[in-house]
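To start, the structure under review is shown below, and the notes come after it.
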Amino acid sequence: MQSETIVETRSLSKVYRDFWGRQKVRALKALDLEVRRGEVFGLLGPNGSGKTTTIKLILGLLFPTSGQALVFGRDATDVTKNQRIGYLPEESYLYRFLNAEETLDFYGRLFNIPRAVRRQRVADLIEMVGLDWAKRRPLKEYSKGMTRRIGLAQALINDPDLVVLDEPTTGLDPIGTREMKDLILKLRDEGKTVLMCSHLLADVQDVCDRIAILYQGELKEMGRVDSLLQVRDVTEIRVAGLNPLAQQEVREVIERNNGHVLQMGNPTTTLEELFLKIIHESQEHPGRRVREK
């Protein structure tokens, strides 16, 4: 059975015009996509590809030139849908002189959340984003990474069904980035739908179920990440404990069957995994000296 569609665009187009009404930029061209309940969907593309325009059209912050955007089955211009949406923009606009508790309490009151529920929600979100130690510091003293965390908490204050994230890992160090990605996966596991865009392809690959790739306002590719990344004309064989003689025999078998050995050697990890491994080992074993490899 097909999953419920949370976000859908139908031939969605947006043209920006100058003061005299002349076409200045065609930011989006007949975009058709759908985001399903309980998945993490990624919007990819270089600068100027139409990602932010798409998000603003879905949120109802812009009106389409033609076509339609639907959220929860309603037109995106219907403001009542916003009660069920949480939004983290690329730059969070927060009151610098409020602390974390006051900030979340303020946004909770905008959603008319009862006081007792609001206080518990604020405490839970601050703990979830790892800012319990700085919850009474004014936001003007926060680093960009800390501001990003409280921005995510603000986006979740109304317990939304749809969470829209614009560059969620901006300003975060590798540990903070990993924690942010874990939070996104946790939201998916709770049944929420996440729509995100990011320039960091490794982040998208780690958390997204499906992606759409935009270029110059047009949809170029859409599908499941694991399917899109699969190289169908290459067979990969990974073996442990194979001696050089056996490796040579494997090569000969492949060549007898008209195959070509592109690579045979030791697999590598990623820089992110290596960095986090070193940090975790250093925390568990303080004072251990590094060895050059």
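Readers should treat all values here as calculations from the given coordinates under stated rules, not as data from a laboratory. Quantities reported herein were computed from a predicted structural model and do not represent experimental measurements. A quick note on method: Cβ atoms are made from the backbone with ideal geometry, for glycine too, and the neighbour counts reach across all protein chains shown.
Each helix, a run of at least 4 DSSP H residues, gives -39500 (n - 2.57); summed and divided by the residues of the chain, these come to -10500 deg cm²/dmol at 222 nm. Which of the GluC sites (Glu not before Pro) found in segment 167-245 are loop residues per DSSP with 11 or fewer other Cβ atoms within 10 Å of their Cβ? Loop-located and lightly packed - Glu190, Glu236.
By the beta-carbon count within 10 Å of each Cβ, the least crowded to most crowded order of Thr77, Thr177, fewest first, is Thr77, Thr177. A simple charge model with +1 on the Cβ of Lys and Arg, -1 on the Cβ of Asp and Glu and nothing else charged puts the dipole of the chain at about 920 debye relative to its Cα centre.
Under the simplified labelling scheme, the Leu276-Leu228 pair shows an inter-label distance of 2.2 nm, with each label point 7 Å from Cα along Cα→Cβ.
A Förster radius of 51 Å, combined with the Cβ-Cβ distance separating Phe111 from Trp20, puts the computed FRET efficiency at roughly 0.80.
Each of Lys81, Lys51, Lys135, Lys24 was scored by other Cβ atoms within 10 Å of its Cβ. Listed from fewest to most, they are Lys24, Lys135, Lys81, Lys51.
The label-point distance for Glu4 and Asn47, in a model that sets each label 7 Å from Cα toward Cβ, rounds to 4.0 nm. Working from Cα pairs under 8 Å separated by at least six residues, relative contact order for segment 5-228 is 29 percent.
Per-residue Cβ neighbour counts within 10 Å put Val164, Val7, Val225, Val261 in the sequence Val261, Val225, Val7, Val164, beginning with the fewest. A Gaussian network model of the chain, with springs between Cα atoms under 10 Å, assigns the largest mean-square fluctuation among Tyr87, Tyr107, Tyr95 to Tyr95.
Could you tell me what percent of the DSSP beta bridges with both partners in the chain are antiparallel, to the nearest 5?
60 percent
Working from label points 7 Å from Cα in the Cα-to-Cβ sense, the Ile175 to Asp159 distance is 3.2 nm.
Within the shell defined by Cβ-Cβ distances under 12 Å, the residues around Leu187 carry a net charge of -2, with Lys and Arg each +1 and Asp and Glu each -1.
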